[in-house]
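The values are calculated or read from the model by the stated rules, or taken from the named source; none is laboratory data. None of the values given here were measured: they were computed from a predicted structure. Neighbour counts are summed over all protein chains in view; Cβ atoms, including those assigned to glycine, are modelled from backbone coordinates with ideal geometry. What goes into the accessible areas is simple: the full protein's heavy atoms, side chains included, and nothing from ligands, DNA or RNA. Shrake-Rupley method; radii C 1.70, N 1.55, O 1.52, S 1.80 Å.
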Amino acid sequence: MSRLDWVIALTPLVLVFLVGLYSKRYVRGVADFMSGGRVADRYLLSIAGGELQAGAVVFVAMFEVISRSGFSLTWWGWLSGPIGLVVGISGFVVYRYRETRSMTLAQFFELRYSKSFRLFTGFLGFFAGILNFGIIPAVGARCLAYFWGFPEHVEVLGRIFPTYVLLMAGFLSISLFVALSGGLITVMIINCLEGIVAQIFYIVIIVALLLMFNWHEIATVLQAQPAGHSFLNPFDSGAVKDFNVWYVLMAIITGIYGTMAWQNAVGYQGAALTPHEARMGNVLSRWREMGKGAVVVLLGICAMTYLNHSDFASQAASVGVEVGKISDPKVQSQMTMPIAVSHLLPIGIKGVLCAIFLMGVFGGDATHLHSWGSIFVQDILVPLRKKPFGPRQHLLALRCSIVGVAFFAFLFGALYRQVDYIVMWWLVTTAIYVGGVGAAIIGGLYWKKGTTAGAWAALFAGSTLSVSGIIARQISPHFPLNPQEIGFGACLIAMTLYIVVSLLTNRENFNMDRLLHRGAYAMTVSEPKETASAAAPGRFVWLGRLIGIDSHFSLGDKWIAGTIFAWSILLSSIFLLGMAWNYLSSWPTWFWPGFWHVVGIGFPIFFAVVTGLWFTWGGIRGIVRFFARLRDERVNHLDDGTVKDHQNLAEQSH
């Protein structure tokens, strides 16, 4: 790292502290700390929420996937495009959840089911969440330690410590400052500003990589794979373990089933100005991800080229020497690609990528700390108390809980040793919670016959099966099911039990209008009114309705949603055409490098440039409007997540 690299990389620290100090003044109640006052617009939500997937640990996880599947997994991933977009455009789960005005998912469970169900799911979600989060600070610190070329161990006051442990302590301290200073207000603003800067930095990195590597070099490496393990031809990748077509198919089903179930960004789920803004934030995030994906893929395949092409043999040897100094074989495997990236990037560009890593670490870790710390208070302490917290007491409890989560993450990251890919660890720890509650969420929001007994049955089945899978894989690494398969089976069984048990125990239909503040209950809470536009006559109105476009979509909203849906349909059409064509006659080997050069590299780079400009404008506008609404906000101290008689306490005063 040169001086220029360090200056670029450490600039985000200044941004973090300035925003933290400024945002603190806007926290006047629990709703501000937990949900940002519920006044965030679509751009603020999409950019800030996206930064949760921009930290060093996410890059490491994606490098693991790319280094084992190449572009083949991208091909099979096109199966899910239209399905995922219909889920997003329709506002499936997201829209109705925002209508409940819940701050956490377990609060919704008390509104819909019972206090005991809220308590148990609150504890289970907290337990699964801190396990899931536990490896993130450690992997991020390791990545940056090796990226910066630091030794594996350092001596401090006569004692030897792993370098990553000291870095992890520093990163968690900064993330704590973000989460404690202004709650979700600070977390969201910092993430949005970091996201805006990162969008520009992505373009800089892409340009540098295109100047350093030519496609012929990259294609040569990607083609040099044994039969059954092709990185380019998806029809010759059947021997690839874990990351294959079955991984994608199961991910589609578990993704729909677990929509919004995972609570690592719980504050964002209730922070939107209106339910429609929450839905559009979800749609916009899919646009932004297309641009961000370009830099991750390009970095991955360029690192593979750097390590394996003969033109870079001498440079790759130095990477091998550095990797060889790492004592843990699993860590060696994880850190090979990040170390290669640190060697191949020139001065200045290395600092740019490091800044992206650091911004992602601070923003992502702060979001996790805020979410899991809040869940402990809101869904375990609040329901157990006979007397509600006072406003100051409540905020103090939230901050203490967040500190506790950080302390656990530090200890867990320092002591735990991984046996799975990062992505697989996330899948199985997520399934501990999502495997059971997915059924309770969907049934609770959409089915008036769903019962508390059905929710309990689904929860116990899904969670028990998932935990059993974790234990089995820890005991025997050769256990026949991988984490994706374990989670998939748990979801299917949980959903079946929810339906069967609910039908057997239903005695009275649940009042869905009261839950969703509709009909006679629409005016019980003061909410910004959503404008509904009359459906314009036309030949394609039926198509809009089919994919979830309703009267709340403006003309601009329809273009945003319709265009990305059309792009997804185009990719799926290419997929179906390719499947049929290759079934009759396989495409020649020479075709695939050119195909992925255009579709896998060219198009994503185009989207990176377009979304970089588009979301910079939208993000700045979103921040300005956010602070303006906070200044005009009327604080209701009863709006603290307390539920009485299946109704939020703040609503009973109306």
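Listing for the model above:
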{"item": "Gly228, sole failed condition from (1) at negative phi; (2) surrounded by fewer than 23 Cβ atoms within 10 Å (Cβ to Cβ); (3) not in a helix (DSSP H, G or I)", "result": "(1)"}
{"item": "Filter result (open to solvent by 30 Å² or more (accessible area, probe 1.4 Å) and touching an Asp or Glu at 6+ places or on another chain (Cβ under 9 Å)) within segment 597-623", "result": "Arg621"}
{"item": "Thr563 vs. criteria in the same structural domain as Ser46 (by the TED database), open to solvent by 60 Å² or more (accessible area, probe 1.4 Å), out of contact with any strand residue (DSSP E or B) (no Cβ under 9 Å at 6 or more places or on another chain) and over 30 Å from Tyr22 (Cβ atoms)", "result": "no"}
{"item": "Ala272 among the hydrophobic types (A, V, I, L, M, F, W, C), open to solvent by less than 20 Å² (accessible area, probe 1.4 Å) and over 16 Å from Gly84 (Cβ atoms)", "result": "yes"}
{"item": "Scope segment 144-184; condition under 30 Å from Ser318 (Cα atoms), of a type in the set (Val, Ile, Thr) and in contact (Cβ under 8 Å) with a residue 40 or more places away in the chain; matching residues", "result": "Val165"}
{"item": "Count - residues of segment 191-225 that are outside any helix (DSSP H, G or I), in contact with a helix residue (DSSP H, G or I) (Cβ under 8 Å, 6 or more places away or on another chain) and surrounded by fewer than 19 Cβ atoms within 10 Å (Cβ to Cβ)", "result": "1"}
{"item": "Residue among Ser23, Ser67 that alone is among the polar types (S, T, N, Q), in the same structural domain as Lys292 (by the TED database) and farther than 22 Å from Ala145 by Cβ", "result": "Ser23"}
{"item": "Which listed residue, of Gly489, Gly404, is within 30 Å of Ile66 (Cα to Cα), open to solvent by 20 Å² or more (accessible area, probe 1.4 Å), free of Cβ contacts under 8 Å to residues at least 40 places away in the same chain and not charged (D, E, K, R)", "result": "Gly489"}
{"item": "Verdict on Val165 being out of contact with any His (no Cβ under 8 Å at 6 or more places or on another chain) and either at pLDDT below 85 or outside the structural domain of Val14 (by the TED database) (or both)", "result": "no"}
{"item": "Subset of segment 303-330 (residues that are within 25 Å of the chain's Cα centre (by Cα) and crowded, with 19+ Cβ neighbours inside 10 Å)", "result": "Ala303"}
{"item": "Number of the condition not met by Phe92 [criteria: (1) in a helix (DSSP H, G or I); (2) under 22 Å from the mean Cα position of the chain (by Cα); (3) not small (Gly, Ala, Ser)]", "result": "(1)"}
{"item": "Residue in segment 422-432 that is closer than 25 Å to Ser67 by Cα, aromatic (Phe, Trp, Tyr) and either in the same structural domain as Leu515 (by the TED database) or within 22 Å of the chain's Cα centre (by Cα) (or both) present", "result": "yes"}
{"item": "Positions within segment 144-169 being part of a strand (DSSP E or B), open to solvent by less than 70 Å² (accessible area, probe 1.4 Å) and farther than 19 Å from Phe412 by Cα, in sequence order", "result": "Val154, Val156"}
{"item": "Considering residues of segment 457-486 that are of a type outside the set (Ser, Thr, Tyr) and not in a helix (DSSP H, G or I) only, the residue surrounded by the fewest Cβ atoms within 10 Å (Cβ to Cβ)", "result": "His478"}
{"item": "Residue match in segment 447-456 (condition: part of a loop (DSSP other than H, G, I, E, B), open to solvent by 10 Å² or more (accessible area, probe 1.4 Å) and of a type in the set (Ser, Thr, Tyr))", "result": "yes"}
{"item": "Only listed residue being more than 30 Å from Ile347 (Cα to Cα) and in contact (Cβ under 8 Å) with a residue 40 or more places away in the chain, chosen from Val221, Val204, Val187", "result": "Val187"}
{"item": "Residue satisfying all of: in segment 23-34; under 14 Å from Thr186 (Cβ atoms) and among the hydrophobic types (A, V, I, L, M, F, W, C); surrounded by the fewest Cβ atoms within 10 Å (Cβ to Cβ) among these", "result": "Val27"}
{"item": "Candidate set from segment 3-14 (those that are within 18 Å of Ile196 (Cα to Cα) and crowded, with 16+ Cβ neighbours inside 10 Å); member that is farthest from the chain's Cα centre (by Cα)", "result": "Ile8"}
{"item": "Helices (runs of 4 or more DSSP H) lying entirely in segment 35-84 (those with 3 or more residues that are open to solvent by less than 20 Å² (accessible area, probe 1.4 Å))", "result": "42-50, 56-69"}
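Residues checked against (1) touching a strand residue (DSSP E or B) at 6+ places or on another chain (Cβ under 6 Å); (2) assigned by the TED database to the domain that holds Ala224; (3) modelled with pLDDT under 90; (4) open to solvent by 30 Å² or more (accessible area, probe 1.4 Å):
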position: Leu555; (1), (2), (3), (4): no, yes, yes, yes
position: Ser568; (1), (2), (3), (4): no, yes, yes, no
position: Ala580; (1), (2), (3), (4): no, yes, yes, yes
position: Ser585; (1), (2), (3), (4): no, yes, yes, yes
position: Phe595; (1), (2), (3), (4): no, yes, no, no
position: Arg625; (1), (2), (3), (4): no, yes, no, yes
position: Arg634; (1), (2), (3), (4): no, yes, yes, yes
position: His637; (1), (2), (3), (4): no, yes, yes, yes
position: Glu651; (1), (2), (3), (4): no, no, yes, no
